[in-house]
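What follows is one structure encoded as structure tokens, with my remarks underneath.
Just so it is clear, none of the values below were taken in a lab; they were calculated from the coordinates. Just so it is clear, the structure is predicted and the values come from calculations on it, not from any experiment. So basically every Cβ, Gly included, is an ideal-geometry build from the backbone, and we count neighbours across all protein chains shown.
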Ligand SMILES: Nc1nc2c(ncn2[C@@H]2O[C@H](COP(=O)(O)OP(=O)(O)O)[C@@H](O)[C@H]2O)c(=O)[nH]1
Ligand SMILES: [Mg+2]
């Protein structure tokens, strides 16, 4: 009886679980973006000092409940030698947040290359994409109008998936809530193609 009720309780209270990859070059601001999101969505979350975040080695994770779903974030290390690992996560993910450092004109080409490689990968087909034109607080940054064409020029590979280029700053919080909420709505809309993970197993 206990297990029956317990199971029912779990069924009613547990949210659908989705996985969101946070990708982009090293130093793009991925970890800061995720930490910034956690401080805004997770009750009683004791945030870290955003301006003191250092290079992520391996995997940084986070959980956010919003719009009736649970989003599990994987913030992967962006260093080139780690990019080979991204592939393994593509199959499992429900959305991608691709973070671009708009303050770094020198590496914008490199970021675009890495983005194209990701969207060309068969395993990311149809997965909703948020391109975070990040570090918008920097005075010399490239605006969304400048960044957008770079990341939208590969429409062939983008295909029919949902894509949004959004002005963000992990540091000031600009666009963070809007971006996460958009992703939450997208994974629900895309549920037939990529169903959430089984509640019982999670
Ligand atoms: N000005 C500015 N700096 C940022 C922003 N987000 C991250 N940074 C800085 O960029 C550097 C790399 O950030 P981090 O989150 O570690 O990048 P990651 O390697 O992509 O995880 C750090 O010095 C951050 O303080 C932002 O929105 N604005
Ligand atoms: Mg990091």
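How big is the gap, in Å, between the Cα center of the stretch 116-149 and the Cα center of the stretch 37-76?
About 20 Å separates the Cα centre of the stretch 116-149 from the one of the stretch 37-76.
What angle do you read, to the nearest 10 degrees and between 0 and 90, between the alpha-carbon axis of helix 30-41 and the longest principal axis of the chain?
50
GNM on the chain, C-alpha springs below 10 Å: top fluctuator among 127, 158, 100?
Comparing 127, 158, 100 in the GNM, the peak value goes to 158.
If I fit a long axis through the Cα atoms of helix 176-189 and take the longest principal axis of the Cα atoms of the chain, what angle between them do I get, 0 to 90°, rounded to 10?
The helix 176-189 is inclined about 60 degrees to the chain.
Arrange the following residues from fewest to most other Cβ atoms within 10 Å of their Cβ: 168, 56, 3.
On the way: 168 29, 56 18, 3 7.
Sorted ascending by nearby Cβ count, the order is 3, 56, 168.
Could you tell me the relative contact order of the chain? Use alpha-carbon pairs under 8 Å, at least six residues apart, and round to a whole percent.
Values: 350 pairs, mean separation 53.0, N = 202.
Relative CO of the chain lands at 26 percent.
Classify the stretch 17-189 as rounded, prolate or oblate from the Cα gyration tensor: take a ≥ b ≥ c as the square roots of its eigenvalues, call it rounded if a/c is under 1.5, otherwise prolate when a/b beats b/c and oblate if not. Don't jump to the answer; show the numbers that get you there.
Working: a/c = 1.32, a/b = 1.08, b/c = 1.22.
Rounded shape, in that the Cα axes give a/c under 1.5.
For a quick check: sort 86, 74 by the number of other beta carbons within 10 angstrom, fewest at the front. Spell out each step's value before the answer.
Details: 86 22, 74 18.
Fewest-to-most Cβ neighbours within 10 Å comes out as 74, 86.
Report, in degrees rounded to the nearest 10, the 0 to 90 angle that the Cα long axis of helix 108-120 makes with the longest principal axis of the chain.
So the helix axis and the longest Cα principal axis differ by about 40 degrees.
Take each of the peptides 105-111, 49-55, average the number of other beta-carbon atoms within 10 Å over its residues, and list them starting from the highest. The partial results should precede the final answer.
Details: 105-111: 14.3, 49-55: 10.4.
In descending order of packing, they fall as 105-111, 49-55.
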